[in-house]
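Asker: Quick one: this structure, given as structure tokens, is what I'll be asking you about.
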Amino acid sequence: MRHSRKSRRTFSLPDILPFIVGGAAIIVAVPLAILLSAASSRYAEAKKYEVTPTAAVSLEAEPREAPAPTPEDTPEREEPVSRYAAVELTEEDAYILACLVYHEARGEPFEGQAAVVEVVFNRCLSDEFPDTVEEVVFQKYGDVWQFSPAPYLYTAEPGEAQYSAVMYAYNAEEPIVPPETVFFSTSPYNEHITAIIGNHYFCEIVQWYEVKGD
């Protein structure tokens, strides 16, 4: 008997291409499925701890107001005190002084007018003279007036400049003449001259100046 010889079949690329593509798809699909599964598990785990908008905590620092200073932290500011705070000044006293400035210094610079008022205040504080403005202005030594316009003082017509000089002198933190200055004239009263303003020489008392109460 004669056996027929089977011929060997050869495969071309078109024949095996489906198998190659299918195998590659399986190789890619399996790891991808594993990765997707792991990612899905991680996403589900993260969802459990997800912070909702209502529960979210702001990471921005909120501005804080500085604590209000306590009385212990805030030192009390001392109010400036005029040298003449101890001198009583009534409306009548202010008028008397304005009249005196009108007669004695109305042609003088403002500082000179205020210095005349300071002389009266300095006398009020000195142990050598009376205590009040009126008593000082109308004081006499024998028959001699301490201020020559005293007999006709109220003939004056003081204006804003004279009243301003009075109030400036009374409230000044830095007076124009020293506290021992108790005389003024167009010529030096003595050799103890403390200031020369305009046509007036301002002088101190020969004895050391003393403030009442010290």
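The values are calculated or read from the model by the stated rules, or taken from the named source; none is laboratory data. Values in this document were obtained by computation on a predicted structure and should not be read as measured data. All Cβ positions, glycine included, derive from the backbone under ideal geometry; neighbour counts span all protein chains shown.
Asker: Just to be sure I understand the filter: pairs with C-beta atoms under 8 Å, separated by 6 or more residues or on different chains, first member in segment 192-204 and touching a residue at least 40 places away in the same chain (Cβ under 8 Å) and buried (at least 18 other Cβ atoms within 10 Å of the Cβ), second member among the aliphatic types (A, V, I, L, M) and in a strand (DSSP E or B). Which pairs pass?
Answerer: The qualifying pairs are Phe202/Ile193; Phe202/Ala195; Phe202/Ile196.
Asker: Keeping to segment 121-145, report how many residues are without any contact (Cβ under 8 Å) to a residue 24 or more places away in the chain and out of contact with any Lys or Arg (no Cβ under 7 Å at 6 or more places or on another chain). Explain how you work it out, then say what you get.
Answerer: The first filter runs over segment 121-145 and keeps only residues without any contact (Cβ under 8 Å) to a residue 24 or more places away in the chain, leaving 130, 135-136, 138-145.
Keeping just the survivors that are out of contact with any Lys or Arg (no Cβ under 7 Å at 6 or more places or on another chain) gives 130, 135, 138-145.
Total meeting the criteria: 10.
Asker: Looking at (1) within 21 Å of Thr90 (Cα to Cα); (2) modelled with pLDDT of 95 or more; (3) aliphatic (A, V, I, L, M), find the lone condition where Ala172 falls short.
Answerer: Going through the list (1) within 21 Å of Thr90 (Cα to Cα); (2) modelled with pLDDT of 95 or more; (3) aliphatic (A, V, I, L, M), Ala172 breaks only (2).
Asker: Now for a separate question. Quick check: is even one residue across segment 155-166 in contact with a Pro (Cβ under 9 Å, 6 or more places away or on another chain), modelled with pLDDT of 95 or more, farther than 20 Å from Ser126 by Cβ and outside any loop (DSSP other than H, G, I, E, B)? Spell out how you get there, then give the answer.
Answerer: Start the filter on segment 155-166 by keeping residues that are in contact with a Pro (Cβ under 9 Å, 6 or more places away or on another chain), which leaves 155-156, 166.
When the remaining residues are screened for being modelled with pLDDT of 95 or more, the result is 155-156, 166.
After this cut, where a residue has to be farther than 20 Å from Ser126 by Cβ as well, the list is 155-156.
Going one step further and asking which of them are outside any loop (DSSP other than H, G, I, E, B), we end up with 155.
Checked against the condition, which is being in contact with a Pro (Cβ under 9 Å, 6 or more places away or on another chain), modelled with pLDDT of 95 or more, farther than 20 Å from Ser126 by Cβ and outside any loop (DSSP other than H, G, I, E, B), segment 155-166 yields at least one hit.
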